[in-house]
Amino acid sequence: MVETEPTNVDELVERLAEHNYIIDRINATPIFLAMRLQKPLLIEGPPGCGKTEIAKTVAKSFGFELIRLQCYEGLDYSHAVYEWDYPRQLLEIKLQQEAQSKSNDAVRQKIYSENFLLERPLLKSIRTHRRTVLLVDEIDRADPEFEGFLLEFLSEFQVSIPELGTIKAESIPYVFVTSNKTRDLSDAVKRRCLYLSLTYPSIQREVDILKKRVKGVPDNLAVEASELVARIRQDDELIRKPGTAETIDLVSSVMALGGSSLSPDILQKTAGAILKDESDLARFLSTL
């Protein structure tokens, strides 16, 4: 696919819909503005509301390579930006020592060169001639200190490598930063981004998503599943509320068993598609 970009919000909505991502103009507008203004977009919302899928679908819809940085506790600069290929560096040092052909300074200059540089997601996203989509996924899972590493990248689209200097973007990526809001992000990160807050879709919106994502789903099953999951999400005692992906799994499971409606019997067999915690599952099954 030839790389393009949306010319207006309506085109963005249409292109995402072509790849089975349903979004309204209100929520699509911050995405469009982030792409047009070349600003990072911070997307916050509960797990399963479609945050990650935005970046993935934008890349697919407009022909961009998707580069993903999955955040986790303990994520550091080297795993996010760059590393040196230490085994190859040690081999090169050994070879040069045996040959005695270069001074120590010359050897050091050679091993800390592009040939021994390992690109990680942030560096890779700015060192390509073609525009990319960079997904920094679940930033709230990383340690707060990691946000400090991101500031230079989010504001200048560049990274600093002591041995090589500052590396600026050859082509500015579209950056999507997602957060499940398990902790507050720093004001410094927020100031550098546009912002989109997502929630779970309405019942009708989820019905539309099911019709797009599950081939041949009966209308009544799509409505029943969306209404059921909406009621489940209202239970504040649940440990893990189901997202849209779980609703899709539910109707797919029902159809795989030859069902066309959510009878108590079929729900006994398929409830594990929407509830992924033992206590949540027991609580739900006790109501059938």
Subject >> Within the stretch 236-252, considering residues that are assigned to a helix (DSSP H, G or I) and touching a residue at least 40 places away in the same chain (Cβ under 8 Å), the one nearest to residue 276 (Cα to Cα) >> reply: 246
Original post:
If we keep just the residues of the stretch 40-59 that are touching a strand residue (DSSP E or B) at 6+ places or on another chain (Cβ under 8 Å) and not aliphatic (A, V, I, L, M), which is farthest from residue 134 (Cα to Cα)?
Top reply: 45
Original post:
Could you list, in sequence order, the residues of the stretch 1-16 that are modelled with pLDDT of 95 or more and either β-branched (Val, Ile, Thr) or under 19 Å from residue 65 (Cα atoms) (or both)?
Top reply: 9, 12, 13, 15, 16
Subject >> Subset of the stretch 6-22 (residues that are without any contact (Cβ under 8 Å) to a residue 60 or more places away in the chain and either out of contact with any Ser or Thr (no Cβ under 9 Å at 6 or more places or on another chain) or surrounded by fewer than 17 Cβ atoms within 10 Å (Cβ to Cβ) (or both)) >> reply: 7, 8, 10, 11, 13, 14, 18, 19
Original post:
Can you tell me which residues in the stretch 235-261 are among the aliphatic types (A, V, I, L, M), in contact with a helix residue (DSSP H, G or I) (Cβ under 6 Å, 6 or more places away or on another chain) and surrounded by fewer than 19 Cβ atoms within 10 Å (Cβ to Cβ)?
Top reply: 238, 239
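Would you mind listing the helices (runs of 4 or more DSSP H) fully within the stretch 23-123 where at least 3 residues are crowded, with 18+ Cβ neighbours inside 10 Å and at pLDDT 95 or above? Break it down stepwise before answering.
Numbers: elements: 25-37, 51-62, 77-80, 86-99, 104-111.
Fully inside the stretch 23-123 and qualifying: 25-37, 51-62.
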**OP:** Starting from the stretch 123-136, keep only residues that are in the same structural domain as residue 54 (by TED's automatic domain parsing), then list their pairs with residues that are assigned to a helix (DSSP H, G or I) and of a type in the set (Gly, Ala, Ser) whose Cβ atoms are within a distance under 6 Å, requiring at least 6 positions of separation or different chains.
**Re:** 132/125; 133/55; 133/59; 134/125; 135/55
Original post:
Among the numbered criteria (1) over 17 Å from residue 272 (Cα atoms); (2) assigned to a helix (DSSP H, G or I); (3) free of Cβ contacts under 8 Å to residues at least 60 places away in the same chain, which single criterion is violated by residue 255?
Top reply: (1)
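The values are calculated or read from the model by the stated rules, or taken from the named source; none is laboratory data. What you are looking at is a predicted structure, and each value in this text was computed from that prediction instead of being measured. Positions of Cβ are backbone-derived with ideal geometry, glycine not excepted, and every protein chain shown enters the neighbour counts.
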